[in-house]
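Have a look at the structure below before the remarks.
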Amino acid sequence: MNDYALVLEGISKAFAGHVAVKELSLRVPRNSIFGLLGPNGAGKTTTLRMVMDILGPDAGTIEILGAPADHAARDRIGYMPEERGLYPRMVLEEQLVFMAAIKGVPQAEATKRLQPWLERLSLADWRRRKTNELSKGMQQKAQFIATVLHEPDVLIVDEPMSGLDPVGTDVMREALIDMRRAGTTIVLSSHQMETVERLCDRVALIDGGVKVLDGAVSEVKARHGKNTVALAFEGDGSFIEGLPGVARVTDHGQYFEVRLEDGADPQPLLKAASERLRLRRFEIVEPSLHDIFVETVTRHREEAA
Amino acid sequence: MSAKLWAIVKREYLERVRTKAFVIGTILGPVLMSGMMLVPMLAARAKGKPLRVAVVDATGQLGAEVERALADVRDGERPRFEIRRGGGDASEGALKAFNQEINEQALDGYLLLPRDVLEAGSMTYYGRNVSNFADLEKLRSAVGHVIVSRRLASAGLDPTKVGALTRDTELRRYRVSASGEREDQGATFVLALILLMILYVSILMWGQMVMTSVIEEKTSRVVEVMASGVPSTTLLLGKLIGVGAAGLTQFLVWAFSLFGMSLAAGGALVIGNFVMPEITPLLLASFVTFFLLGYFFYSSLYAAIGAAVNTVQEAQGLVFPVVLPLILAMVCWPAVMQSPDGPLAVTVSMIPGMSPLVMFLRIVVLTPPAWQMLLSIALLVAAILFVIWFAARVYRVGILMYGKRPTFPEIVRWVRHS
């Protein structure tokens, strides 16, 4: 028994002609929420599929809850793939009980556990309906119940919030936090950086099948320095990008996130901005995960090229 | 592991059995079968009104006798023909008058006996309907009898005596098997064909069902969730067993209702004019066995195809070469029936893709040596294990492949690398 829920050691996977994952190593600590990030086609889904033995790795080893990955260990994982899927003509209740059964939960037990989940995700009135009669958002929630009904120790969710309204998003986030509190380890793969930022303890960023960033969220942010300024104003701020000492500007709509060059002093920026714009906010902030993501991926690609 | 397999079997079974198509097919099967028995009986009973036929006798000497002979032709209780004297005038004008009567529906037809009918033996029938072969054959035979009698009499022979001397011979066939001997009027032949047809259609139909369901799992993307829960072999086996059990259920319902009907009919089951031969336990057992074995062989291949493609349309090109052996086996039936112990029949009944049909046919026609049956089944089982192994590998790779349909060499590469 070690402290990690998942340990991936040097796993690689190549498909006809191209390398999807290359000598990737990841350690997911127990009872954490772990963000797995990466641009489209980075190899996230392939990695998760190897964890679930849907694909076999060409090289490397996978440990689940301190033991070499086998079928019994995988029954302790709940996996919600990016490509959702339920049997369209099956009655919701039977569907969910069935999904628990293939994870080894007896029918009676699964039926008992089902009711609280249906109530929590407002699906109780739909339990006798066929899956293809449910809306997209409801199917999404149903899929989540299918993933957690066997009370997994490790939960792997790919874009859990996509397609949900704000209420649904909150319910889902609370469900994740509660499960974590109850001792579940959660691996979250998402492009919604704000969700990741709010939920995750640790993140790993992969690009082109290799890991380019890994660590606790606070640590990663600290590593990217205190030289980011959030700037809200009235007027045309397009000149800011050309100012000396400014490395990069991200327009978030309501405010600019201005990244200064290493060691640059924010005072000249404040001066220039206050002369030409009506400032509403000027704040030294930690860089957003979004910015770190974009910056890291851009740098990695430049180095690779 | 086995609990998971059981859950999948149960799901697949219930999904099939609950469909309308299944319920209708299961009920309709026996209805169709009883229809096949009842309709000919009812049809035979209700032939309709007798045919109104006029006899035009140009010879001027056969008329009365022909009329009597035709009036004697009976259909059950009732006379088949309503005969009218048509006179001896075969001129164009007279015939025209008859034609008009036919068109006015006052007459169904008329028989023209030309002047030289005794020598040439050729006569003509004009009628509104000339496709009623059975009736016209009765008519020909009755009139022919009169003509032959006349010829015999004019040659100085006694028609009754000649008739007795030239009576046709008959051959009665008894089928000898382990359960004794039994008269057979061609019923084994019909039974063999019907069962063979059912076997052929069911193997293809349930195999197709497996393929469609694999494609649906791909389309609905549920397959990735399933693959993350159970190994692909378990997934495949569960599907094959569940769908096969649904097929077996349908057969059992049919078999029981057939059995019930045969009890109701007093033991002898009648299809058309045939009395059904005895359905032996060996026959029943081999039907179920070869259905299941044939089903597992072909449906595994169907599952592999389903996993490799994205739509049913795409699958068609791959299906044909796969089911070709079954089609060839079907084509072989006349040769197998002709000499069920001949080299062709014995060889083909050992080839796995063909044996479900051919060995079954041999068993229906005559009981082959036990070693041949066992060898055929053993080879088939070995082939099924190989095919399931092959299909499970295609399945594992294929279910995650979307986009272009793979070629056959690509599929072989999947199997080698997975």
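Each reported figure results from applying straightforward, stated rules to the coordinates on display, with no laboratory input. Owing to the predicted nature of the structure, the values given are computational and were not obtained by experimental measurement. All Cβ positions, glycine included, derive from the backbone under ideal geometry; neighbour counts span all protein chains shown.
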Checklist outcome for this item: Here the whole-number average of other chain Cβ atoms within 10 Å per Cβ of A:50-57 is 4
Checklist entry - If one puts a single equal scatterer on every Cα of segment A:226-285 and applies the Debye formula without solvent, what log₁₀ I(q)/I(0) results at q = 0.22 Å⁻¹? => result -0.79
Checklist entry - Name the trypsin sites (Lys or Arg not before Pro) in segment A:105-187 that are in a loop by DSSP and that have at most 16 other C-beta atoms within 10 Å, would you? => result A:127, A:128, A:129
Item to check | Total charge dipole magnitude, segment B:49-165, about the Cα centre, Cβ charges on Lys, Arg, Asp, Glu only, Debye to nearest 20 | outcome: 200
Checklist entry - Pick from B:73, B:346, B:309: which residue has the top mean-square fluctuation in a GNM of chain B where Cα pairs under 10 Å get a spring? => result B:73
Checklist entry - To the nearest 500 deg cm²/dmol, what mean residue ellipticity at 222 nm is calculated for chain A from DSSP H runs of n ≥ 4 alone, each contributing -39,500 (n - 2.57), summed and divided by the residues? => result -10500 deg cm²/dmol
Checklist entry - By a straight-distance test (C-alpha under 23 Å), which lysines pair with residue A:211 as possible cross-link partners, with residues fewer than eight away in the same chain excluded? => result A:13, A:22, A:44, A:221
Item to check | GNM top mover of A:102, A:11, A:77 - chain A, alpha-carbon springs below 10 Å | outcome: A:102
Checklist entry - Between residue A:284 and residue B:404, how many nm apart are label points set 7 Å from Cα along the C-beta direction? => result 5.6
Item to check | Gap separating the Cα centres of segment A:95-167 and segment B:86-139, nearest whole Å | outcome: 81
Next on the checklist: So, R0 is 25 Å and r is the distance between the beta-carbons of residue B:375 and residue B:320; what FRET efficiency does that work out to, to 0.05?
Outcome noted: 0.30
Next on the checklist: Can I get the semi-axes of segment B:272-418's equivalent ellipsoid? Compute them from the C-alpha gyration tensor as square roots of 5 times the eigenvalues, in angstrom, largest first.
Outcome noted: 34, 16, 13
Next on the checklist: Which one, B:132, B:69, B:165, is farthest towards the positive end of the dipole of segment B:49-165 when Lys and Arg carry +1 and Asp and Glu -1 on their Cβ?
Outcome noted: B:165
Next on the checklist: Take chain B, mark every one of the GluC sites (Glu not before Pro) that falls in a DSSP loop and has at most 10 other Cβ within 10 Å, then report the longest stretch left between them, sites excluded.
Outcome noted: B:171-418
Checklist entry - How much net charge surrounds residue B:314 when only the other residues with a Cβ under 12 Å from the Cβ of residue B:314 are counted, with Lys and Arg +1 and Asp and Glu -1? => result +3
Checklist outcome for this item: Expressed as a whole-number percentage, the relative contact order of chain B with C-alpha contacts under 8 angstrom and at least six residues apart is 17
Checklist entry - Which shape class, rounded, prolate or oblate, goes with segment B:49-165 when its Cα gyration tensor gives a ≥ b ≥ c as root eigenvalues, a/c under 1.5 marks rounded, and past that a/b bigger than b/c marks prolate? => result oblate
Item to check | Set of aspartates and glutamates near residue A:271 by C-alpha distance (under 15 Å), chain-local residues within fewer than 8 positions excluded | outcome: A:241, A:283
Checklist entry - Of all trypsin sites (Lys or Arg not before Pro) in segment A:182-230, which ones are in loop regions per DSSP and have a Cβ with at most 14 other Cβ atoms within 10 Å? => result A:226
Item to check | Cβ charges +1 (Lys, Arg) and -1 (Asp, Glu), total dipole of the protein assembly as shown, debye | outcome: 1500
Next on the checklist: Suppose we keep just the alpha-carbon trace of chain B; what are its Rg and Dmax in angstrom?
Outcome noted: 30.8, 96
Item to check | Mean separation of Cα contacts under 8 Å, 6 or more apart, over the residue count of chain A: relative contact order % | outcome: 19
Next on the checklist: Kirkwood hydrodynamic radius, computed over distinct alpha-carbon pairs, for the protein assembly as shown: how many Å, to one decimal?
Outcome noted: 33.0
Next on the checklist: If the only charges are +1 at each Lys and Arg Cβ and -1 at each Asp and Glu Cβ, what is the size of the charge dipole of segment A:33-92 around the Cα centre, to the nearest 20 debye?
Outcome noted: 260
Checklist entry - Expressed as an acute angle from 0 to 90° and rounded to the nearest 10, what is the orientation of the C-alpha long axis of helix A:136-148 relative to the principal long axis of chain A? => result 70
Item to check | Span from the segment B:18-33 Cα centroid across to the segment A:242-270 one, whole angstrom | outcome: 74
Item to check | Ellipsoid semi-axes in whole angstrom, largest first, where each is sqrt(5λ) of the Cα gyration tensor of segment B:208-259 | outcome: 29, 12, 7
Checklist entry - What number comes out for the charge environment of residue A:4, summing +1 per Lys or Arg and -1 per Asp or Glu over other residues with Cβ under 13 Å away? => result -1
Checklist outcome for this item: segment A:226-285: relative contact order from alpha carbon pairs under 8 Å, six or more residues apart, as a whole percent, is 52
Next on the checklist: With a 10 Å cut-off between alpha carbons and a GNM built on chain B, which of B:158, B:57, B:135 moves the most?
Outcome noted: B:158
Checklist outcome for this item: Loop-resident trypsin sites (Lys or Arg not before Pro) in segment B:105-180 with no more than 15 other Cβ atoms inside 10 Å, DSSP not H/G/I/E/B, are B:115, B:128, B:167, B:172, B:173
Item to check | Under 30 Å from the Cα of residue B:96 - lysines, other chains or at least 8 residues apart | outcome: B:47, B:49, B:138
